[in-house]
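Every number in this text was worked out from the coordinates using simple rules, so none of it is lab data. In this text, all values refer to a predicted model and were calculated from it rather than measured experimentally. A quick note on method: Cβ atoms are made from the backbone with ideal geometry, for glycine too, and the neighbour counts reach across all protein chains shown.
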Amino acid sequence: MDKLKKVLSGQDTEDRGGLSEVVEASSLSWGTRIKGFIACFAIGILCSLLGTLLLWVPRKGLHLFAVFYTFGNIASIGSTIFLMGPMKQLKRMFEPTRLIATIMVLLCFALTLCSAFWWHNKGLALIFCILQSLALTWYSLSFIPYARDAVKKCFATCLA
């Protein structure tokens, strides 16, 4: 468990610079990090569900849906900042193994909002939200060793 705490909080690196000492001195306790993660993740899920329900509200439903659904997904991703810290989270998001997934997630966030606010197209907004969910799933699987390979093999077996 201590090793997991060290890896997630970014304390597992050998290279200790002055900046990392400042960050460690002002960091949250492990219990506070877990509570922050759970709260932020729950808010993200709640906003995504609320956004889905607001899609069918007349007139402003599409705008509310796009904002709440996208904000919910951003909050869900942002919840891991409590576990890793902001800089380590950004570094890990743009590692070569998850670069394409990160770009797809960010692109789907932008396209969802564009389809709601500029194009006013509910169907397109819904498609981009589905793509948002798929991209987030693929992004999340990149943190689990061999999970992407397992999913690929599962789909290959099912489609063959």
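Structure summary
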quantity: Extension gain (nm, one decimal) between residue 63 and residue 28, 0.36 nm per residue minus Cα-Cα; calculated: 9.0 nm
quantity: Protection proxy ranking of 68-74, 94-100 - average other beta-carbon atoms within 10 Å, highest first; calculated: 68-74, 94-100
quantity: Relative contact order computed over region 26-145 (Cα-Cα under 8 Å; 6+ residues apart), in percent; calculated: 23 percent
quantity: Rounded to whole Hz, the Karplus (6.51, -1.76, 1.60) HN-Hα couplings of region 123-136, x for glycine and proline; calculated: x, 5, 4, 5, 4, 5, 5, 5, 5, 4, 5, 5, 5, 5
quantity: Residue 53 versus residue 140: modelled label distance in nm, points set 7 Å from Cα along the beta carbon direction; calculated: 2.0 nm
